[in-house]
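Beneath this line is the structure, given in structure tokens, with notes to follow.
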Amino acid sequence: ERSSPMVSARCPRRRYLLRTSQLESSLEANMYQTIGEDRSDKKYASWGLASSMIANVALVGAICFVASSGAADVQTGVSIRSAPVVAPMRMMPTRNAFRMQPRNLRANAEASLELKGYIPYPDTTGKELTKLPPIQEKSPYSDELKATAAAIVADGKGILACDESTKTIGKRLEQIGVPNEETYRRQWRELLFRTPKMNEAISSAILYEETLAQNAADGTPFVDIMKANNVIPGIKVDTGVRATFMDGETITDGLDGLAERAAGYYKQGARFAKWRGVLRIDPNGAPSMEAIEANARSLAHYGKICQMNGLVPIIEPEVLMDGPHTIETQAWVTEKVQAATMKALSDVNIEWEGMLLKPNMILPGTDSGTTATPEEVAKFTVEGLKRTLPAAVPGITFLSGGQSEEEATRNLNAMNKLYPNAPWKLSFSFGRALQASVLKAWDGKDENVGAAQNLFYALAKANGDAALGKFEGAHPATTGSLYEKNYVY
């Protein structure tokens, strides 16, 4: 329907629309004339005219918009909705409200790395581009790193995680009425390390710094006892977490001086290391992208520093099970965290064959009111890893994360049953899920050491079988849920 000349004359917007329609018809006719016909003498003149017309249309539109925005309403049959004079504004918090001190984090991380040719943080201001450095030399321990990583995830074997801090092991001992003293901490760990035939299912053990330097009652260093039993010593190298970003989010500390400490741990007999990054899910938006990125970067820096000093890094980006979220949400967040971590590792040129991943299994949130079968846990966990983890990584050593001893074993078993041809070994790095029942059986009494060691062997063997997908029958555990809200080591 065409408007009357009077309406067009009184309404700049209608004049603009009418003029646009006429110009489009003219342009369309010119375009179709050129299709399939090369008229060399007129081709460039036609396109020049078309370009000029398009520019004029844009100019006319701009003028009409300015004119119509201040014009009085025209009482016609055509209704035009004008924009408000002042657009509504959404007040956003300042950028610094969500950030701790990224520049300090950046400076500290890069200073700790001390590697020539490391890929630095990109300049997000756009002032300059970050150049890709040349190919870096491999770690001088490259061959040893590969051999150690492969040995840790040997068929049917996994890791005993006994790297609890002095404060945390004190809470464990308190449960059985034993004081948190060096003597009792030594007795407990000596019980574990001297368990007969433990190396049939335990390839290695993560130690706390105190334990790495500790001796048994007869004066033999724990490291020597472990090596005599073909158990590889490892060491926890992070120094804990601190709050940052939004409420409840954390970043892991320990990069400062890590190169020197790693070199010292290697001399003491350690051959691998562990660093835990912790992220959580909550309805307020956690984990934030900043928390994911910061923890991924710190894990990558730690990993590269360790490799350059002879230690196989175990990369542990844990997404806590705390919360009311579904298993689908846990899977989605964990996949994003793992993808960011792999990108950060690639940026520092990690040697994939000389590292291991220690992720959480995918479970519903503890407050969701739902449970998942071992088969469901296996599917969500392994399918996510297939989308993020390079096949060059030799193995995955799952954390138990507060599952009961039996749940952790059966979920691991289902993974190996359903995915026997996974590109990596699917193994374990359990702490509470290997120690809770044993601690209860020991009860701090010398006369219970033998029974406690037999139980430890049974639990280790159950998980070794699960790492092959061959666990069957009753589980030897004597405890139930091991979940602790906001668990810290």
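Figures for the structure shown
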quantity	calculated
Which listed residue is over 29 Å from residue 144 (Cα atoms) and either touching a residue at least 12 places away in the same chain (Cβ under 8 Å) or among the acidic types (Asp, Glu) (or both), from 350, 362	362
Test: residue in segment 340-348 that is outside any helix (DSSP H, G or I) and under 25 Å from residue 152 (Cα atoms)	yes
Pairs, first under 16 Å from residue 453 (Cβ atoms) in segment 171-193, second among the polar types (S, T, N, Q), C-beta under 7 Å, six or more apart	186/214; 189/211; 191/453
Residue satisfying all of: in segment 261-297; modelled with pLDDT of 95 or more and hydroxyl-bearing (Ser, Thr, Tyr); least open to solvent (accessible area, probe 1.4 Å) among these	265
Residues satisfying the stated conditions in segment 317-326, i.e. part of a strand (DSSP E or B) and buried (at least 24 other Cβ atoms within 10 Å of the Cβ)	317, 319
Positions within segment 346-355 being farther than 17 Å from residue 399 by Cβ and either modelled with pLDDT of 95 or more or open to solvent by 10 Å² or more (accessible area, probe 1.4 Å) (or both), in sequence order	346, 347, 349, 350, 351, 352, 353, 354
Residue within segment 300-310 that is in a loop (DSSP other than H, G, I, E, B), open to solvent by 10 Å² or more (accessible area, probe 1.4 Å) and on the phi > 0 side of the Ramachandran plot present	no
Residue in segment 147-181 that is surrounded by the most Cβ atoms within 10 Å (Cβ to Cβ), counting only those that are touching a strand residue (DSSP E or B) at 6+ places or on another chain (Cβ under 9 Å) and over 20 Å from residue 434 (Cβ atoms)	149
Residues (more than 26 Å from residue 200 (Cα to Cα) and small (Gly, Ala, Ser)) located in segment 155-186	165, 170, 177
Residue satisfying condition, being at pLDDT below 95 and open to solvent by 30 Å² or more (accessible area, probe 1.4 Å), within set 472, 484, 407	484
Scope segment 182-213; condition open to solvent by 10 Å² or more (accessible area, probe 1.4 Å), assigned to a loop (DSSP other than H, G, I, E, B) and of a type outside the set (Lys, Arg); matching residues	196, 208, 213
Filter pass, residue 335 being open to solvent by 20 Å² or more (accessible area, probe 1.4 Å) and out of contact with any Gly (no Cβ under 7 Å at 6 or more places or on another chain)	no
Filtered residues of segment 227-260 (kept if closer than 25 Å to residue 153 by Cα, in contact (Cβ under 8 Å) with a residue 40 or more places away in the chain and open to solvent by 60 Å² or more (accessible area, probe 1.4 Å))	227
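The values are calculated or read from the model by the stated rules, or taken from the named source; none is laboratory data. Just so it is clear, the structure is predicted and the values come from calculations on it, not from any experiment. Ideal geometry is used to build each Cβ from the backbone, glycine not excepted, and the neighbour counts take in all protein chains shown. Side chains are part of the model used for accessible areas, which takes the heavy atoms of the whole protein and leaves out ligands, DNA and RNA. Shrake-Rupley method; radii C 1.70, N 1.55, O 1.52, S 1.80 Å.
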